Amino acid sequence: MMKLKIGIIGAGGIATNRHIPVLFKLNEVEVCGLYDVRKEQAEKVAQLFSIPFIAESEEALFNKVDAVIICTPNKFHHLSAIKALEAGKHVFCEKPMAISSKDAQAMEDAANAAQKVLQIGYHYRFKKDSLAAKKAISNGQIGDPVVVRVEAMRRRKVPGWGVFTNKEIQGGGCLIDYGCHLLDLAMWLMDFPEIESIQGQTYELVSRDADQVNEWGIYDATTIDVEDHATAYIRFTSGATMLFETSWAANVPEDKETLSISGTKGGMTVFPYSLNKATQGMLTTTKADWISGEDEELAQLRHFVSCCIEDTLPIVKANEAKRVSAIIEEIYRQSI
């Protein structure tokens, strides 16, 4: 059986803790090599996973593979993706697609010109509850969406490692790193309706507290320059609205990750999935005690490999991920 030869760009935590272990579970894949600007880190990871080739450059990696997984900091997503696409390689790029919508557009243009797969790592679309919700909406179970409520809240979990708190490298904080997942999921469930207006605001208050309390490692509160909280109110041309909130460091009782939609014929919550309707004069709630399907991180890479081999469109399309980047960009613009 011919295997898809895959290379890794970026040998940090997202590669070592998520993507590389998952790739080794796929029989259709051969992990051929990796590249990182930090050669010592590349050597360490290659030895850990028995990856045979450490590339001296991205171009050298392209010569060995059919596709690449991009796990670099956000600032470099578009640069690596465009080079790979122009070299004729399929690309799976970690979220967000890019820091700016301009860079995201350049990535989409490169994918269209190369006629290669460009999939963005919004793995929440592959969660079992998300897929059940998408199916129910597609079947008309809730009618037209009217109000969408999104909360992606962490109590005190500012990432205390890597470059997560560096705005120049990452483009922002909780919104572009964490909230983007549920923002993308909500837009996908709604079939990416046209936006009429966005009102947004970011906050940089709790994470600057000198008396730092944080579950995810120590960081320098004097140098962090990204937001720890963000809110938005989005109005669509259909009249529907979205209430959105995300945080790394909220003074709330516990972490909270919710997405609910009220529609004209019914409503739903996504985590955990339930469908709420009025049927035959009674209020009913249908819950899913068990939903079949595999882990979302495995599912998204299996899907990527399938798209590359079978020449099909990915579930996470570049033009959709680009729209998510544009929403994030507008929220940041309004918060300057």
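What follows is calculated from the coordinates using simple rules that are stated; it is not laboratory data. All values reported here derive from a predicted model rather than from experimental measurement. Cβ atoms come from the backbone with ideal geometry, glycine included; neighbour counts cover every protein chain shown.
Straight-distance candidates among the lysines for linking to LYS265, with alpha-carbon spacing under 28 Å and chain neighbours fewer than 8 residues away dropped: LYS127, LYS128, LYS134, LYS135, LYS256, LYS277, LYS287. In summary, the lysines within cross-link reach of LYS102, defined as a Cα separation below 17 angstrom excluding same-chain residues under 8 places away, comprise LYS75, LYS83, LYS317, LYS322. Each residue of segment 59-65 is assigned a 3J(HN,Hα), and the resulting list reads 4, 5, 5, 4, 5, 9, 10 Hz, derived from the Karplus form 6.51 cos²θ - 1.76 cosθ + 1.60 (θ = phi - 60°), x at Gly and Pro.
With Rh defined as the Kirkwood radius, the inverse of the mean 1/r over Cα pairs, the Rg/Rh of segment 50-106 is 0.98. Ordered from longest to shortest, the equivalent ellipsoid semi-axes for segment 244-300 are 26, 19, 10 Å, each the square root of 5 times a Cα gyration tensor eigenvalue.
Taking the Cα centre of the chain as reference, the dipole from Cβ charges on Lys and Arg (+1) and Asp and Glu (-1) amounts to some 660 debye.
Applying a DSSP loop filter and a limit of 14 other Cβ atoms within 10 Å to the trypsin sites (Lys or Arg not before Pro) in segment 244-292 leaves LYS265. Dimensions of segment 197-274 based on its C-alpha atoms, expressed as ranges along the principal axes with the largest first, amount to 49, 30, 14 Å. Global size of segment 100-213: 17.4, 52 Å for Rg and Dmax (C-alpha atoms, Rg to one decimal, Dmax whole). Using the Karplus relation 6.51 cos²θ - 1.76 cosθ + 1.60 with θ = phi - 60°, the per-residue 3J(HN,Hα) values for segment 304-313 come to 4, 4, 4, 4, 5, 6, 9, 6, 10, 7 Hz, with x marking Gly and Pro.
A Stokes-Einstein calculation at 20 °C with viscosity 1.002 mPa s, built on the Kirkwood radius of segment 7-74 over Cα pairs, returns a diffusion coefficient of 184 µm²/s.
Taking 1.306 mPa s as the viscosity and 10 °C as the temperature, the Stokes-Einstein diffusion coefficient of segment 126-293 based on its alpha-carbon Kirkwood radius rounds to 92 µm²/s. Residues THR241, THR202, arranged from fewest to most other Cβ atoms within 10 angstrom of their Cβ, appear as THR241, THR202. Ordering LYS44, LYS75, LYS127 by the number of other Cβ atoms within 10 Å of each residue's own Cβ, fewest first, gives LYS44, LYS75, LYS127. Helix 77-86 and the long axis of the chain differ in direction by around 60°, with both axes built from C-alpha atoms. Applying the criteria of a DSSP loop state and at most 15 other Cβ atoms within 10 Å to the GluC sites (Glu not before Pro) of segment 216-288 yields GLU254. Helix 39-49 and the longest principal axis of the Cα set of the chain meet at an angle near 80°.
Kirkwood hydrodynamic radius of the chain, from the reciprocal of the average inverse Cα-Cα distance over all distinct pairs: 20.9 Å. Working note: Karplus 6.51/-1.76/1.60 with θ = phi - 60° gives segment 184-195 the couplings 4, 4, 4, 5, 5, 4, 8, 6, 6, x, 5, 9 Hz, where Gly and Pro are set to x. Going by neighbour counts of Cβ atoms within 10 Å, the residues TRP216, TRP188, TRP248, TRP161 line up, fewest first, as TRP161, TRP216, TRP188, TRP248.
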